[in-house]
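Down below is the structure, laid out as C-alpha cells.
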Amino acid sequence: MSEVKLTAESRTEFGKGAARRLRREAKVPAVLYGHGTDPLHLALPGHATMMALKQSNALLTLDLGDGRTELALPKDVQRHATRNSITHVDLLLVRRGEKVTVEVPLHFEGEAVNGTIITHDLTTLSIEVEATHIPNSITVVIEGLGVGARITAGEVALPKGAELVGDPDALVVAVSESSKSEADDTDAAADGEAPAAE
C-alpha cells in the first residue's frame with residue numbers, strides 16, 4: 001500500500017458554521033486522535049482528500065507544518081447524502097511498525113464449475129497487520145470449485161505478517177447446484193438466446 005501525502009492546516013473554529021466555511025473553501029474538517037494524545041482539529045484539502053479516500057484503508061502522511069508529519073488511517077468518513085462529497089473525517093494516529101485491525105475487501109478470482117451458484121457470505125475480512133503494510137484487497141480463488149465446496153475465513157490465504165481477527169470458521173464462499181431453470185437460462189445465454197418470458 002502506498003502512502004498519500006496531504007497538507008493539513010490547524011483549525012481553531014468549530015461548529016456547523018465554521019465547517020460550512022471550510023467546505024466553501026474546498027476544505028474538509030478533520031480530527032486526528034490516538035496514542036493518548038489530545039485531538040488535533042485539522043482542515044484538509046478537499047479534492048486531494050476525496051481522491052486519497054477512494055482507496056479503502058488509505059494510509060495518509062499528514063504534513064502539519066514546521067517539518068512535523070504524522071501517519072494516520074481514516075477511522076470514520078462522513079459524506080454528503082446526495083453529492084457524495086466528504087463532509088468530515090476522523091483520523092487515527094498510527095506509528096510505523098504498529099499493528100492495526102482493519103477491514104479489507106475480498107477479491108474473488110476465477111469461476112466455479114458450470115451449473116453451480118456461488119454464494120458470498122463475506123465481502124471483507126478483519127485482519128491485524130502492520131499499518132504500513134495494509135493490503136488493498138485479499139484474493140480468494142474460486143476457480144474450479146464444485147457443488148458443496150466451501151471456503152471459510154481461516155482457509156483464506158492472508159498476506160505475509162497478517163493475522164485473521166474473528167471466527168476462522170465464518171463462511172466466506174459456498175457453492176451449490178443451480179436449479180434446472182437457471183441452468184437452462186445460462187445455456188440459452190451461452191447460445192445467444194434470451195430465456196422465454198413466463
Scanning for something surrounded by 13 or more Cβ atoms within 10 Å (Cβ to Cβ) and on the phi > 0 side of the Ramachandran plot, does segment 92-104 turn up at least one residue? no
Could you please tell me which pairs satisfy a Cβ distance under 6 Å, a separation of 6+ or placement on different chains, a first residue in segment 77-101 that is more than 19 Å from residue 32 (Cβ to Cβ), and a second residue that is β-branched (Val, Ile, Thr) and not in a strand (DSSP E or B)? none
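Condition check ((1) assigned by TED's automatic domain parsing to the domain that holds residue 51; (2) farther than 23 Å from residue 128 by Cβ) across all residues:
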position: 68; (1), (2): yes, yes
position: 82; (1), (2): yes, yes
position: 108; (1), (2): no, no
position: 112; (1), (2): no, yes
Residues that are out of contact with any Ser or Thr (no Cβ under 7 Å at 6 or more places or on another chain), aliphatic (A, V, I, L, M) and part of a loop (DSSP other than H, G, I, E, B): does segment 95-112 have at least one? yes
Are there any pairs, at least 6 apart or on different chains, whose C-beta atoms fall under 7 Å, with the first in segment 19-30 and in the same structural domain as residue 86 (by TED's automatic domain parsing) and the second part of a loop (DSSP other than H, G, I, E, B), and if so, which? 29/11
Just wondering, is there one or more residues in segment 177-190 that are surrounded by fewer than 16 Cβ atoms within 10 Å (Cβ to Cβ), assigned to a strand (DSSP E or B) and at pLDDT 95 or above? no
For segment 117-128, check the following and say yes or no: at least one residue is modelled with pLDDT of 95 or more, surrounded by 17 or more Cβ atoms within 10 Å (Cβ to Cβ) and not in a strand (DSSP E or B). yes
For segment 57-66, indicate whether the set of residues that are of a type outside the set (Phe, Trp, Tyr), at pLDDT below 95 and under 30 Å from residue 143 (Cα atoms) is non-empty. yes
Within segment 76-99, residues in contact with a Pro (Cβ under 9 Å, 6 or more places away or on another chain) and polar (S, T, N, Q) come out as 87
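The values are calculated or read from the model by the stated rules, or taken from the named source; none is laboratory data. It should be emphasised that the depicted structure is a prediction, and the values quoted were computed from it without experimental measurement. Here Cβ is always computed from backbone atoms with ideal geometry, including for glycine, and neighbour counts include all displayed protein chains.
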